[in-house]
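J.: Before anything else, here's the structure in question.
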Amino acid sequence: MTKKIAVLPGDGIGPEIVAEAVKVLEALRDRFGLKVEMEHGHIGGAGYDAAGHPLPDATLALAKAADAVLLGAVGGPKWEALPIAVRPEKGLLGIRKGLELFANLRPAQVYPQLASASTLKPEVVAGLDIMIVRELTGGIYFGQPRGIRNNAQGEREGFNTLVYSENEIRRIAKAAFDIAMKRNRKVCSIDKANVLECTELWREIVTDVATGYPEVELSHMYVDNAAMQLVRNPKQFDVMLTDNMFGDILSDEASMLTGSIGMLPSASLDANGKGMYEPIHGSAPDIAGQGIANPIATILSVSMMLRYTLNEAALADRVDAAVSKVLDQGLRTVDIWTEGCKKVGTAEMGAAIVAALD
Ligand code: IPM
Ligand code: MG
């Protein structure tokens, strides 16, 4: 059966990098029998410009009808002055919530070819392979009440709510343990249970879920310590299980261990394996339109889509191998370039990966 993919390029470098990922999908379709059809939609600032909202109804409908979503990035200075309710980021949060994509998988892997591109010593990061499993539709990002109000002293105060139900904790914990079973069978759950009641409950439920996975070794770590351990000795981690906000922060940190945030894909999955796939980096408005952005994170997001939603593991391996091959050839976009390598632009990198699929 032909699978439907909703393609949402978004803003900034989004359209440039998504164009290269679409070329990879087209090549897989034309040369390797992948049965897919793609339809484009607007999201983020592009959604606001086209339809007055960062998540136009038509886009949400398109994404709901699709088997998988490929997303670029959202946001940029052009829309920063808009009210928070219609800012590009709301489009992203809205589609995550609208599709109930509660499990966000953010791998941080170091390619041997790029170990020297990291700001950390190569021996600290070589061979690194971490999977951050971040809760994506709850926690402080969505908790009510929230807002800015006047307090009794007549002074303005801002407030947000960190809230997780047992069920929300349980399902993301299960997702993390299931993934750990296919990896090195270690889960480190991140919390701030020494201060926050919400994460005290988090720790209790995760510990309970772990009893169903006797082969997985569970540890708990406070988030501040985790931030430190990630740069001190990152290879101690296999799967890191986090809430929404801690995962947002730690995944950016983990990405830099790999040399460039331009290399890292992500998957956001619902309870049935439907998913949205996007690079973890942002829209990089400072380099948009210059043709120099690294399309690899988006192309690797296609690989994750093949693996997690389309059940095409062999094609996913093929995409991963093609990326590895062009790195072996010494091709580098500017963000991962080091002395002695060949500097290429977005389209050249995409074309090289497409050619390396054979
Ligand atoms: C991310 C981003 C988003 C988040 C923003 C753009 C809303 O930082 O995907 O990590 O905070 O989740
Ligand atoms: Mg983030």
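Where a number appears in this text, it was derived from the coordinates with a stated rule and is not lab data. Everything numeric here is computed off the predicted structure, so don't read it as measured data. Cβ atoms come from the backbone with ideal geometry, glycine included; neighbour counts cover every protein chain shown.
J.: Expected output is a single nm value to one decimal: the length gained when fully extending between GLU100 and THR2, i.e. 0.36 nm times separation in residues minus the C-alpha distance. What is it?
T.: Working it through step by step, the gained length comes to 33.0 nm.
J.: Using the Cα centre of the chain as origin and beta-carbon charges of +1 (Lys, Arg) and -1 (Asp, Glu), tell me which of LEU201, TYR111, PHE142 is placed farthest towards the positive end of the dipole.
T.: Farthest along the dipole direction, towards plus: TYR111.
J.: Follow-up. So, counting K/R as plus one and D/E as minus one, what does the shell of residues with Cβ under 13 Å around ALA50 add up to?
T.: -3
J.: Pairs of alpha-carbon atoms within less than 8 angstrom and 6+ residues apart define the contacts here; what relative contact order does the chain have, in percent? Let's see the in-between values first.
T.: Values: 766 pairs, mean separation 74.5, N = 358.
Across the chain, relative contact order equals 21 percent.
J.: Turning to a different aspect of this structure: Quick one: compute the contact order of segment 108-260, relative version, from alpha carbon pairs under 8 angstrom and 6+ residues apart, as a percent.
T.: The value is 37 percent.
J.: With runs of 4+ DSSP H residues as the only contributors, calculate the mean residue ellipticity of the chain at 222 nm using -39,500 (n - 2.57) per run, divided by the residue total and rounded to the nearest 500.
T.: Numbers: 12 runs with 143 residues, N = 358.
Helices in the chain give a 222 nm mean residue ellipticity of -12500 deg cm²/dmol.
J.: Here is a further query. D for segment 74-209, whole µm²/s, Stokes-Einstein with Kirkwood Rh over alpha-carbon pairs at 20 °C and 1.002 mPa s: what number?
T.: Value of D from the Cα-based Kirkwood radius: 119 µm²/s.
J.: Volume per residue, Å³, of the convex hull around the alpha-carbon atoms of segment 261-358?
T.: Taking the convex hull of the Cα positions in segment 261-358, it is 89 Å³ per residue.
J.: Now, a different point. Of the cross-linked pairs LYS23/LYS90; LYS121/LYS182; LYS35/LYS97; LYS64/LYS174; LYS64/LYS342; LYS35/LYS343, which ones have a Cα-Cα span greater than 30 Å in the structure shown?
T.: From LYS23/LYS90; LYS121/LYS182; LYS35/LYS97; LYS64/LYS174; LYS64/LYS342; LYS35/LYS343, over 30 Å: LYS64/LYS342; LYS35/LYS343.
J.: Please list log₁₀ I(q)/I(0) at q = 0.14 Å⁻¹ for segment 1-131, using the Debye equation with identical point scatterers on the alpha-carbon positions.
T.: -0.77
J.: Let me ask something else about it. If R₀ is 22 angstrom, what is the calculated FRET efficiency for the pair ARG232 and ASN184, using the beta carbon separation as r and rounding to 0.05?
T.: E between ARG232 and ASN184, to the nearest 0.05, is 0.70.
J.: Kindly state, to the nearest 0.05, the FRET efficiency for GLU215 paired with GLU80, given R0 = 41 Å and r defined as their beta-carbon distance.
T.: 0.30
J.: Right, here's the next one. I want to verify a result. In a Gaussian network model of the chain, Cα cutoff 10 Å, which of these has the top mean-square fluctuation: SER118, SER301, SER255?
T.: Between SER118, SER301, SER255, it is SER118 that shows the largest mean-square fluctuation.
J.: Follow-up question, since we're still on this one. So, R0 is 45 Å and r is the distance between the beta-carbons of ARG203 and ALA313; what FRET efficiency does that work out to, to 0.05?
T.: That pair, ARG203 with ALA313, gives E of 0.85.
J.: While we're on this one: Would you please give the residues with an amide H less than 5 Å from that of GLN329, counting only those at least 5 places away or on a separate chain, with H modeled from the backbone geometry?
T.: Amide H neighbours of GLN329, under 5 Å, 5+ apart: none.
J.: Filter the trypsin sites (Lys or Arg not before Pro) in segment 1-87 down to the DSSP loop ones having no more than 11 other Cβ atoms within 10 Å, then list what survives.
T.: Hits after loop and neighbour filter: LYS35.
J.: Please list the radius of gyration and Dmax for the chain, considering alpha-carbon atoms only, with Å as the unit.
T.: That works out to 20.1, 69 Å for Rg and Dmax.
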